Amino acid sequence: HLAALVLARGGSKGIPLKNIKLLAGVPLIGWVLRAATDAGVFHSIWVSTDHDEIEKVAKQFGAQVHRRSPEVSQDSSTSLEAIREFLNHHHEVDIVGNIQATSPCLHPSDLIKVADMIQKEGFDSVFSVVRRHQFRWSEVKKGENKMTEPQNLNPAKRYRRQDWPGELYENGSFYFAKRHLIEKGYLQGGKMAYYEMRAEHSVDIDIDIDWPIAEQRVLSFGYFGKEPLKEVKLLVCSIDGCLTNGRIYVTEDQKEMVSYDYRDIVGVDLLKKRGIQVRLISERDCSKTLSAMQLGCVAKVSTTNKLQVLEDWKKDLSLSWKEVAYLGNEESDVECLKKAGMSGVPADACAVAQKAAGYICKSNGGCGAVREFAEHIFLLLEKVNSVRKQ
C-alpha cells in the first residue's frame, strides 16, 4: 500500500496558514494534491494537519485527513515524528510518499517514476534532488584571522557552465520510504536512490522564493491537469456578484441602481482586444443596467438554466469546453464552473462555488474580480503559447 502524505500543520513562523494561502488562484497545498491524484499511483492520499481550515481544503481536493496530535504539531516537531505517528494509526500503509506542500511545481510524471523505483526496482527510499551550478567557498566567521578556501572549484581554472555537470542538492519536494525504515527512525536509508527533478520544477517557497515570483513560476511551469491547456476564446461572466458587487439600490421612485468597478470594464475591453469574446449572464432581468454600462457584449438575462445557455453558446461558436472560461459566484454557477476549461470566482463567492472553481480571485465581486480573472487568463495564454513554441 503506497500512501501519499502531505504534512500541513496550521502554525507557520512566516506566512499565517501558508499551506492554504492562494497561489495563482489555487491553495498552495492544492497544487501537490492535484499532482498526486493525477499520478494514479497512490492507494490513498492523506493530509496530516492540526487545523480545521486546512482539513476543509484538503477534502475539497479529494484527500483524506489525519488529525495529528499536539505533540507532533509544535515548531520543534520534525517531519519524521509526524510521519511515524501517521503510520501508527494506519497499519495498512507499507510505503509513504511524503510530499512537501511548498513544492507547487511538482508534476505527476515525477511521482509515477519514483513509485516505479520503489515498487518495481526495489529501492527502500527515494528522494528528490536538483542539479545546481554553484561554486562553494568556506565560511569565515567574523573575527577569525584566516582566508576563505574554495570548496568545489579551482579558481585558477574555473569551469564554464557547459563544461561542468554541477552538483546534486536535495530540493525537499518529496521523500519516499518503506515502513521498516521509518519505524527505525530514517527517511533515507537502505537501498537508497535520488530522483533528479528538472530545475524549473524545483520550486520551494520555504527556501528561496517569494510569493509573487512563485506565482509566475507556477503559471509558467506548474501542472494544470491531465488535459493540455487550450487558448480561451470565450469568457462568460455572471453579472450580479461578479461584474457588480451584487447589491441593488432602490430609490424612492422604485428605480434600481447597481455599482461596478471601472477596472472590470477595462478588463472586458482588454479581453475583447485579445480576440476573446465576452458574454454576460444573469438570473434576473438587468437589461437596463447593461444598457447603461454600454459594454457591447452579448447577454442573456432572466435565465433559469445557466448551463443550458453556456452549452448553446459553446455550440454556436463551435468551441470545446477547454476554450471556454467562466466567472461565477453562486450555487447556480456551480455546474458551469465545473464544465468550463478555465473557471474562477470572486473572493466573496459562496463556498460551493469556490469549491468548484479552479481560480479564486483576491478581489471581491464588483471590485476588480473581472479584471483580475482577465489577467489570469492572459498569463495562462502565455503558457499555452510557450508550450506551442517548445
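The values are calculated or read from the model by the stated rules, or taken from the named source; none is laboratory data. Just so you know, these numbers come straight off a predicted model, no measurement behind them. So basically every Cβ, Gly included, is an ideal-geometry build from the backbone, and we count neighbours across all protein chains shown. What goes into the accessible areas is simple: the full protein's heavy atoms, side chains included, and nothing from ligands, DNA or RNA. Shrake-Rupley method; radii C 1.70, N 1.55, O 1.52, S 1.80 Å.
Determine, for each peptide in 47-55, 337-345, the mean count of other beta carbons within 10 angstrom over its residues, then list the peptides with the highest first.
Ranked from most to least packed, the peptides come out as 337-345, 47-55.
Of the candidates Ala82, Ala356, Ala156, which one comes out as most mobile in a Gaussian network treatment of the chain with C-alpha springs shorter than 10 Å?
Largest GNM mean-square fluctuation: Ala156.
Which one, Tyr260, Asn245, Asn154, is farthest towards the positive end of the dipole of the chain when Lys and Arg carry +1 and Asp and Glu -1 on their Cβ?
Asn154
In what sequence, highest mean first, do 101-109, 145-153, 303-311, 195-203 appear when ranked by Cβ atoms within 10 angstrom?
Answer by packing, highest mean first, reads 101-109, 195-203, 303-311, 145-153.
Points 7 angstrom from Cα along the Cβ direction at Ser138 and Thr251: gap in nanometres?
Modelled inter-label distance: 8.3 nm.
Given a cut-off of 31 Å, name the pairs among Lys59/Lys300; Lys18/Lys300; Lys21/Lys255; Lys272/Lys306; Lys18/Lys273 whose C-alpha atoms lie farther apart than that in the structure shown.
Long pairs (Cα-Cα over 31 Å): Lys59/Lys300; Lys18/Lys300; Lys21/Lys255; Lys18/Lys273.
Can you tell me the mean projection area, over all orientations, of the convex hull of the chain's alpha carbons? Units nm², please.
Its average projected convex-hull area is 26.3 nm².
Counting only protein chains, not ligands or nucleic acids, how are Ser44, Ser79 ordered by accessible area (probe 1.4 Å), most first?
Ser79, Ser44
Using a 1.4 angstrom probe on heavy atoms only, work out the carbon and sulfur share of the accessible area of the stretch 234-388 in %.
C and S atoms contribute 46 percent here.
Along the positive direction of the dipole of the chain (beta-carbon charges: Lys, Arg +1; Asp, Glu -1; about the Cα centre), which of Ala299, Leu381, Ala39 reaches farthest?
Checked the options; the winner is Leu381.
May I ask for the distance between the Cα centers of the stretch 300-321 and the stretch 21-88, given as a whole number of Å?
Going from one Cα centre to the other spans 38 Å.
Of the beta bridges DSSP finds with both residues in the stretch 104-232, what % are antiparallel, to the nearest 5?
Percent antiparallel among DSSP bridges in the stretch 104-232 is about 55.
Given +1 on the Cβ of Lys and Arg, -1 on the Cβ of Asp and Glu, and no further charges, what dipole in debye does the stretch 234-388 carry about its Cα centre, rounded to the nearest 20?
640 debye
In units of 2.2 N^0.38 Å, what is the alpha-carbon radius of gyration of the stretch 234-388?
So the stretch 234-388 has a normalised radius of gyration of 0.99.
How big is D, in µm² s⁻¹, for the stretch 11-53 by Stokes-Einstein at 25 °C and 0.890 mPa s if Rh is the Kirkwood radius over C-alpha pairs?
210 µm²/s
Nothing charged except the Cβ atoms of Lys and Arg (+1) and of Asp and Glu (-1): what's the magnitude of the dipole of the chain about its Cα centre? Round to the nearest 20 debye.
It comes to approximately 1200 debye.
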